[in-house]
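Novice: Once you've had a glance at the structure underneath, I'll fire off some questions.
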Amino acid sequence: MKSAVTVSLVAEAKGGPFVFWDDLPGACRQAAEMGYDAIELFAPGPDAVSREQLSGLLQGHRLALAAVGTGAGWVKHKLTLTSPDPGIRERAIDFVKSMIDFGGAHRAPAIIGSMQGRWGDGVSRTQAFDWLKAALTILGEHARQYNVPLIYEPLNRYETNLINTEAAGVELLESLETDNIRLLADLFHMNIEEEDIAAGLNDGGRWIGHVHFVDSNRRPAGCGHMDYGPIIKALHDIGYRDYLSAEALSWPDATAAAMQTISKYRELLS
Ligand code: LER
Ligand code: MN
């Protein structure tokens, strides 16, 4: 497994679960100094950082890009893939495509989290799932040209009423016409929704393509009551080899959160 740490450049997401904020060059320097393999980038849009600048930073610090978030489409532009407004759904798909292109240029997958939206407010559950499935199929196929999957993230019940568990995520992905989507296992959401987190990881099995590595209270790993032993065992059992990415609150501050996470990562994986 590989280590990654999140960097947010999205002003509207302030207070959200990202370790480094605003200063991308500084975040890359610190992540590299601490020994991270990669950063995960939450950007306001595909033009927030030029391809050349990002390549320069990643290569200069020998970092990979683990993934790019698409949540700015929601927090900044109020787009979702299940909006009752067809124009908003279309712009949501275009926004995610542009983020797939942005990440793809650096061999990184894009993540669908809050962009999935929710059913209700005049949209039936069946209708929302039909729109979500159609969008995911288009977007999963769009990602294929970069040899990366699209990453789909089950969220806790307070953030979506569509898919809350890894098992439900597997059922959704198996129903699609594309096979180029993988599940995100965010330990914070799983701590709320799964009967047992290790069992949830086993449910996800070979479909899991990314992990948000965080504690029960969304503080950095080791600062809550998450029991990591069974979690790491389950990840080994399912043959997981991708990123454990620190998507945690910048608590008590960014440097301490990043240090805490990489220390815990090393303790657990040594
Ligand atoms: C949101 O709660 C989350 O976990 C992010 O990864 C997706 O926006
Ligand atoms: Mn997450």
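The values are calculated or read from the model by the stated rules, or taken from the named source; none is laboratory data. Predicted model, so just to flag it, every value in this text is computed and none were measured. We place every Cβ from the backbone using ideal geometry, glycine too, and count neighbours over all the protein chains shown. These area figures cover heavy atoms from the full protein model, side chains too; ligands, DNA and RNA do not enter into them. Shrake-Rupley method; radii C 1.70, N 1.55, O 1.52, S 1.80 Å.
Novice: Which one of these is open to solvent by 50 Å² or more (accessible area, probe 1.4 Å), in a loop (DSSP other than H, G, I, E, B) and either of a type outside the set (Gly, Ala, Ser) or within 11 Å of ligand 1 (Cβ to nearest atom) (or both): GLU171, GLU195?
Specialist: GLU195 is the lone residue from the list that is open to solvent by 50 Å² or more (accessible area, probe 1.4 Å), in a loop (DSSP other than H, G, I, E, B) and either of a type outside the set (Gly, Ala, Ser) or within 11 Å of ligand 1 (Cβ to nearest atom) (or both).
Novice: Quick one: SER55 ticks every box in (1) out of contact with any Leu (no Cβ under 8 Å at 6 or more places or on another chain); (2) assigned to a loop (DSSP other than H, G, I, E, B); (3) open to solvent by 30 Å² or more (accessible area, probe 1.4 Å) bar one, so which box is it?
Specialist: Tallying (1) out of contact with any Leu (no Cβ under 8 Å at 6 or more places or on another chain); (2) assigned to a loop (DSSP other than H, G, I, E, B); (3) open to solvent by 30 Å² or more (accessible area, probe 1.4 Å), SER55 fails exactly one: (2).
Novice: With respect to LEU155, determine if the residue is open to solvent by less than 40 Å² (accessible area, probe 1.4 Å), part of a loop (DSSP other than H, G, I, E, B) and closer than 17 Å to THR70 by Cα.
Specialist: yes
Novice: Right, something else. Find all pairs meeting these conditions: Cβ atoms under 7 angstrom apart; at least six residues apart or on different chains; first residue within segment 24-50 and of a type in the set (Ser, Thr, Tyr); second residue away from ligand 1 (no atom under 16 Å from the Cβ).
Specialist: Close Cβ pairs satisfying both conditions: TYR36/SER3; TYR36/LEU63; TYR36/ILE262.
Novice: Looking at PRO220 and the list (1) within 15 Å of ligand 2 (Cβ to nearest atom); (2) in contact with a Ser or Thr (Cβ under 9 Å, 6 or more places away or on another chain); (3) under 24 Å from GLN116 (Cα atoms), which single condition is not satisfied?
Specialist: That leaves (3) as the condition not met.
Novice: Can you report the number of residues in segment 61-93 which are among the charged types (D, E, K, R), under 19 Å from ASP130 (Cβ atoms) and without any contact (Cβ under 8 Å) to a residue 24 or more places away in the chain? Please lay out each step first, then the result.
Specialist: First, the residues of segment 61-93 that are among the charged types (D, E, K, R): 62, 76, 78, 85, 89-91.
Now drop any that are not under 19 Å from ASP130 (Cβ atoms), which leaves 85, 89-91.
Next cut, without any contact (Cβ under 8 Å) to a residue 24 or more places away in the chain only: 85, 90-91.
Qualifying residue count, segment 61-93: 3.
Novice: Quick check on this structure: which one of ASN161, ASN180, ASN202 is open to solvent by 10 Å² or more (accessible area, probe 1.4 Å), in contact (Cβ under 8 Å) with a residue 40 or more places away in the chain and more than 16 Å from ligand 1 (Cβ to nearest atom)?
Specialist: ASN180
Novice: Please specify each residue of segment 4-20 satisfying the condition of being within 16 Å of ligand 2 (Cβ to nearest atom) and either open to solvent by 50 Å² or more (accessible area, probe 1.4 Å) or assigned to a strand (DSSP E or B) (or both). Full working, then the answer.
Specialist: Going residue by residue through segment 4-20, those that are within 16 Å of ligand 2 (Cβ to nearest atom) are 4-8, 10, 13, 15-20.
Answer for segment 4-20, where residues must be within 16 Å of ligand 2 (Cβ to nearest atom) and either open to solvent by 50 Å² or more (accessible area, probe 1.4 Å) or assigned to a strand (DSSP E or B) (or both): ALA4, VAL5, THR6, VAL7, SER8, GLY15, PHE20.
Novice: Then there is this: Please work out which residue is least open to solvent (accessible area, probe 1.4 Å), limiting yourself to segment 36-52 and to residues that are among the acidic types (Asp, Glu) and under 19 Å from THR255 (Cα atoms). Break it down into steps so the answer makes sense when it comes.
Specialist: Residues of segment 36-52 among the acidic types (Asp, Glu): 37, 40, 47, 52.
From the residues that got through so far, the ones that are under 19 Å from THR255 (Cα atoms) too are 37, 40.
Working: ASP37: 62, GLU40: 8 Å².
The selected residue is GLU40.
Novice: Return the only residue of ASP253, ASP215 being more than 22 Å from ASN161 (Cα to Cα) and away from ligand 1 (no atom under 15 Å from the Cβ).
Specialist: That would be ASP253, the only listed residue that is more than 22 Å from ASN161 (Cα to Cα) and away from ligand 1 (no atom under 15 Å from the Cβ).
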